Amino acid sequence: MPDAFALAETLAKHGQGHLLQTVAGLDEAARAAFLARLGEIDWAEFEHPAEPPAVGDVGASRVIPLAERAQRQSELEGAGEAAYRAGQVAVLMVAGGQGTRLGSSAPKGCFRIAAHSGKSIYQLQAEKVLSLSRRVGRDVPFLVMTSPMTDGETREFFQAHGDFGLKAGQVRFFSQGTVPSLDQQGRALLAGPGRLLENPDGHGGCFTALVKSGNLARLRREGVRQLVYIQVDNVTAPVDDAALIGLAMLEQAEVVTKVLAKAHPDEKVGHLVRVGGSDRIIEYTEVTPEQARSRNAAGELIYRWGSPAMHCWSVEFLARLTDQGYKIPLHRSSKPLKAWADGALSEVKGWKSERFIFDLIPEAKASLGLEIDRLAEFAPVKNADGTDGKVVADSPASAVQLASDQFAGWLAAAGVKVALPAKARIEISPLFAATRAQFLAKWDGRVKEVSGDYYLEA
Ligand code: UTP
């Protein structure tokens with residue numbers, strides 16, 4: 001238990017003295033647990049949330065566009081393939097969010113999404129890792145970050161499905177941390193007597209959690225050098241991506257960030273830009289419409305590259321930052337919260353604080369962007385399906401549609417005539433093929449035409 005006087009002093013210094021007034025009615029065990037939690041928190045960091053950078057300094061990041069990527073394809077893929085086969089690559093999937101917009105109480109990954117098989121998002125992501133592992137002859141480690149709220153259910157879900165065929169030790173769960181939610185005056189709120197109101201600490205929580213859980217050290221011992229980072233809610237995010245890994249290896253980049261050309265200047269995505277000599281991602285909320293539309297001397301949009309939240313992180317980079325004691329800053333956003341006060345729960349307006357993984361980018365000595373084809377790699381599930389039959393953007397229905405369009409493209413590239421009625425969907429299991437190249441190599445011409453629902457399993 002922390003020293004009571006020192007704790008009282010720290011709390012008072014950071015405007016949290018009110019918390020100690022709430023311990024009076026607690027029994028001994030509850031009081032000890034509450035004080036221990038209060039003592040763990042770095043209260044100072046809540047007083048300095050991250051600020052967006054000065055606008056004048058913003059320029060373009062170095063990005064490998066699709067054309068250059070195509071020219072360098074064999075060089076990049078050769079290097080990436082060698083790294084996969086040497087066991088130097090692992091997959092990191094963050095799955096700890098609260099999924100408020102989707103409106104499901106279960107973890108987002110448990111959501112049954114596939115068009116015909118009804119596979120869950122977790123199953124699709126796990127099968128991609130399994131497909132990759134089989135292809136390269138290695139049990140590629142699959143790190144899954146949960147939150148204290150999603151951890152138990154996620155582990156049970158994987159266990160109930162036999163880890164979707166992955167080997168023992170291949171799936172590695174670890175939980176992110178939580179941070180206190182604050183009222184609008186910056187004072188920590190309670191969830192109940194002796195319990196702080198806390199929220200998961202953002203996808204950036206995976207940096208600290210990887211270290212604390214021992215997973216970063218384990219990866220280093222195993223000789224893993226690159227981490228393919230995906231978010232659970234991007235259904236088509238590839239994990240078998242030799243060009244991405246090859247680029248990171250050949251350019252000795254500490255981070256490669258996948259980017260897509262924005263559909264229009266006001267598209268609501270984070271932007272990869274260069275600020276004062278280092279790359280960083282600036283959220284659309286931190287940019288005015290004038291800035292979003294500003295152009296450089298060559299007439300190109302400065303905020304041209306959108307981030308679909310996929311990266312390749314060098315393991316040594318993460319280890320170096322850990323050794324330096326680096327901590328990802330907190331960003332705060334205004335939210336309606338349910339807090340306990342005067343013996344009852346009520347809704348209050350307050351602040352939720354989160355860490356963003358992309359705040360690591362400016363710390364990288366070498367960083368670059370890799371342009372992707374958005375139709376091939378980006379099908380996010382953020383919002384609930386509509387009730388009027390219309391397809392809501394970034395919903396399960398839009399993701400299924402995007403995946404189906406992608407599979408239609410694979411079939412067409414293999415010479416199949418595809419003519420789908422509006423409601424028909426194609427599903428191809430990652431265990432049959434998880435990438436276009438794998439599909440084309442495997443396709444045996446079993447059908448010449450697809451004109452309705454179509455499902456292909458391994
Ligand atoms: P979002 O920012 O979309 O948040 O997360 P969310 O919690 O899933 O959904 P909303 O905003 O409550 O509706 C993007 C990705 O980051 C992960 C999510 O699981 C998702 O894959 N994430 C987010 C975490 O792992 N931890 C967090 O604390 C927040």
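The values are calculated or read from the model by the stated rules, or taken from the named source; none is laboratory data. Note that this is a predicted model, so its numbers are computed, not measured. As a convention, Cβ positions derive from the backbone with ideal geometry for all residues, glycine included, and neighbour counts pool all protein chains shown. Quick note on the areas: whole protein, heavy atoms, side chains included, nothing else; ligands and nucleic acids left out. Shrake-Rupley method; radii C 1.70, N 1.55, O 1.52, S 1.80 Å.
Things worth noting here:
- Residue match in region 219-233 (condition: closer than 25 Å to Gln98 by Cβ, touching a His at 6+ places or on another chain (Cβ under 9 Å) and without any contact (Cβ under 8 Å) to a residue 24 or more places away in the chain): no
- Strands (runs of 3 or more DSSP E) enclosed by region 175-219 - at least 3 residues per element that are farther than 17 Å from Lys327 by Cβ: 190-192
- Qualifying residue in region 251-258 (condition: among the polar types (S, T, N, Q), within 16 Å of the ligand (Cβ to nearest atom) and modelled with pLDDT of 95 or more): yes
- Contacts under 9 angstrom Cβ, first residue in region 369-396 being closer than 12 Å to Asp233 by Cα and modelled with pLDDT of 95 or more, partner among the aromatic types (Phe, Trp, Tyr) and within 13 Å of the ligand (Cβ to nearest atom), 6 or more apart: Val381/Phe111; Pro396/Phe111
- The listed residue being within 16 Å of the ligand (Cβ to nearest atom), in contact (Cβ under 8 Å) with a residue 60 or more places away in the chain and farther than 19 Å from Glu377 by Cα, out of Gly87, Gly152, Gly96: Gly96
For every residue, the table says whether it meets (1) within 25 Å of Pro380 (Cα to Cα); (2) touching a residue at least 40 places away in the same chain (Cβ under 8 Å); (3) outside any strand (DSSP E or B).
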{"residue": "Ala253", "(1), (2), (3)": "no, yes, yes"}
{"residue": "Val259", "(1), (2), (3)": "yes, yes, no"}
{"residue": "His264", "(1), (2), (3)": "yes, no, yes"}
{"residue": "Arg274", "(1), (2), (3)": "no, yes, no"}
{"residue": "Glu316", "(1), (2), (3)": "no, yes, yes"}
{"residue": "Gly325", "(1), (2), (3)": "no, no, yes"}
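- Those residues of region 71-103 which are assigned to a loop (DSSP other than H, G, I, E, B) and either in contact with a helix residue (DSSP H, G or I) (Cβ under 8 Å, 6 or more places away or on another chain) or farther than 30 Å from Lys352 by Cα (or both), in sequence order: Arg72, Ala86, Gly87, Gln88, Ala95, Gly96, Gly97, Gly99, Leu102
- Of residues in region 18-28 being under 20 Å from Trp340 (Cα atoms) and not β-branched (Val, Ile, Thr), the one nearest to the chain's Cα centre (by Cα): Leu19
- In the set (1) within 15 Å of Phe142 (Cβ to Cβ); (2) open to solvent by 10 Å² or more (accessible area, probe 1.4 Å), the condition left unmet by Leu219 is number (2).
- As for region 57-79, it holds at least one residue that is over 30 Å from Gln401 (Cα atoms), touching a Lys or Arg at 6+ places or on another chain (Cβ under 7 Å) and surrounded by fewer than 19 Cβ atoms within 10 Å (Cβ to Cβ).
- Identity of the residue in region 128-149, within 15 Å of the ligand (Cβ to nearest atom) and of a type in the set (S, T, N, Q), that ends up farthest from the chain's Cα centre (by Cα): Ser147
- Listed conditions (1) in a helix (DSSP H, G or I); (2) within 24 Å of Ile357 (Cα to Cα); (3) open to solvent by less than 20 Å² (accessible area, probe 1.4 Å) are all met by Val144, apart from (1).
- Among the candidates Gln88, Gln98, residue that is surrounded by fewer than 17 Cβ atoms within 10 Å (Cβ to Cβ) and not small (Gly, Ala, Ser): Gln98
- The sole residue among Gly386, Gly350, Gly369, Gly299 that is over 30 Å from Leu102 (Cβ atoms) and either open to solvent by 10 Å² or more (accessible area, probe 1.4 Å) or touching a Ser or Thr at 6+ places or on another chain (Cβ under 9 Å) (or both) is Gly299.
- Residues (without any contact (Cβ under 8 Å) to a residue 24 or more places away in the chain and open to solvent by 40 Å² or more (accessible area, probe 1.4 Å)) located in region 397-427: Ala412, Ala422, Lys423
- Scope region 346-368; condition touching a residue at least 12 places away in the same chain (Cβ under 8 Å) and over 30 Å from Leu76 (Cβ atoms); matching residues: Val348, Lys349, Gly350, Trp351, Lys352, Ser353, Glu354, Arg355
- Residue selection: Gly25 satisfies the criterion of being touching a Pro at 6+ places or on another chain (Cβ under 7 Å) and surrounded by fewer than 14 Cβ atoms within 10 Å (Cβ to Cβ).
- Scanning region 429-457 for residues that are under 18 Å from Ile121 (Cα atoms) and surrounded by 14 or more Cβ atoms within 10 Å (Cβ to Cβ) yields Ser429, Pro430, Leu431, Phe432, Ala433, Ala434, Thr435, Tyr455, Leu456.
- Members of region 13-70 that are outside any helix (DSSP H, G or I) and of a type in the set (Val, Ile, Thr): Val23, Ile41, Val58, Val63, Ile64
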